[in-house]
Amino acid sequence: DAGVIQSPRHEVTEMGQEVTLRCKPISGHNSLFWYRQTMMRGLELLIYFNNNVPIDDSGMPEDRFSAKMPNASFSTLKIQPSEPRDSAVYFCASSPDGANVLTFGAGSRLTVL
Amino acid sequence: GIQVEQSPPDLILQEGANSTLRCNFSDSVNNLQWFHQNPWGQLINLFYIPSGTKQNGRLSATTVATERYSLLYISSSQTTDSGVYFCAAPFSSSASKIIFGSGTRLSIRP
């Protein structure tokens, strides 16, 4: 298996632009997690899905952030409009059901100018 | 929800030394994981260890669930062990919401 695949690996955009980050979980994993990592706040859980259904989105910072999982092999995290304070590394992780043993993707480094 | 605290925040060692990293959690857990984030930012799952002891090469981990702590041991450190080590646990006993401690930054000097 190729592991959790995220794209893009790097994104530089200007304030106000829409950003879409993508994630393909490991085949057969039915839980998917989006995390954000910054120096100030460490690793924060934004949202997680189980069987494509959002279970807890309490970590989503504000309405500018949205996440979808239209099928078992694809999820997106969208920021619209983006702001400089959204600059961070965004990680996607997946796990098989039950133990929630996480496997992380390589991350998407977002810079908003 | 649970609080996850790690110590020490920073650790600098010479190659070949042994180290012990600690993770304290404020409530009982049924899921405790250790991760290594290498200098390139990649997060690797080292152990899933809700209780007991596991070993993988020079690394081992022990979780004492009744006393609410876990330890990660690294023996005969190598420069490739450098990076940040995180422990992670569920926010609450019934949730799959996995939260992370603030990490221990380990630097191994040649």
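What share of Cα pairs, in percent, lie more than 15 angstrom apart in region B:27-110? In whole percent, the share of Cα-Cα pairs in region B:27-110 beyond 15 Å is 58.
Exposure proxy shown here: for A:83, A:62, the number of other Cβ atoms within 10 Å sets the order, fewest to most, as A:62, A:83. Here is the P(r) of chain A: all C-alpha pair distances, binned every 10 Å from 0, give 16, 51, 29, 5, 0 in whole percents. Springs between Cα atoms under 10 Å define the GNM used for chain A, and in it the highest mean-square fluctuation of A:21, A:102, A:77 occurs at A:102. For the protein assembly as shown, a simple Cβ point-charge model (Lys and Arg +1, Asp and Glu -1, everything else neutral) yields a dipole of about 360 debye relative to the Cα centre. Shown in residue order for region B:27-35 are the 3J(HN,Hα) couplings computed by the Karplus curve 6.51 cos²θ - 1.76 cosθ + 1.60 at θ = phi - 60°: 9, 5, 10, 10, 7, 9, 10, 10, 10 Hz (x for Gly and Pro). Highest mobility in the GNM of chain B, judged by mean-square fluctuation with C-alpha springs under 10 Å and restricted to B:19, B:96, B:77, is found for B:96.
Derived scalar couplings between HN and Hα for region A:78-93 equal 10, 10, 8, x, 7, 10, x, 6, 7, 4, 4, 9, 9, 10, 10, 9 Hz in order, rounded to whole Hz, by the Karplus curve 6.51 cos²θ - 1.76 cosθ + 1.60 (θ = phi - 60°), x for Gly and Pro. Please report, to two decimal places, log10 I(q)/I(0) for the protein assembly as shown at q = 0.09, 0.11, 0.12 Å⁻¹ as given by the Debye formula with identical point scatterers on the Cα atoms and no solvent. Log10 I(q)/I(0), no solvent term: -0.36, -0.54, -0.65.
Given +1 on the Cβ of Lys and Arg, -1 on the Cβ of Asp and Glu, and no further charges, what dipole in debye does chain A carry about its Cα centre, rounded to the nearest 20?
Values: 10 positive and 12 negative charges, 49 e Å.
Approximately 240 debye in magnitude.
In the protein assembly as shown, with Lys and Arg counted as +1 and Asp and Glu as -1 at Cβ, which of these residues, B:18, B:43, B:1, has the Cα nearest the positive end of the dipole, that is, farthest along it? Value computed over the given set: B:18.
Where does each of B:25, B:91 land when they are ranked from fewest to most other beta-carbon atoms within 10 angstrom?
Working: B:25 23, B:91 19.
Arranged by neighbour count, lowest to highest, B:25, B:91 become B:91, B:25.
Residue by residue, region B:5-21 carries 3J(HN,Hα) couplings of 10, 10, 8, x, x, 9, 8, 10, 9, 7, 3, x, 6, 9, 9, 10, 10 Hz when phi is fed to the Karplus relation 6.51 cos²θ - 1.76 cosθ + 1.60 (θ = phi - 60°); x denotes Gly or Pro. Ranked for footprinting exposure by Cβ neighbours inside 10 Å, fewest first, A:103, B:104, B:80 give B:80, A:103, B:104.
Where a number appears in this text, it was derived from the coordinates with a stated rule and is not lab data. Every value quoted in this text rests on a predicted model; they were computed, and no experiment measured them. All Cβ positions, glycine included, derive from the backbone under ideal geometry; neighbour counts span all protein chains shown.
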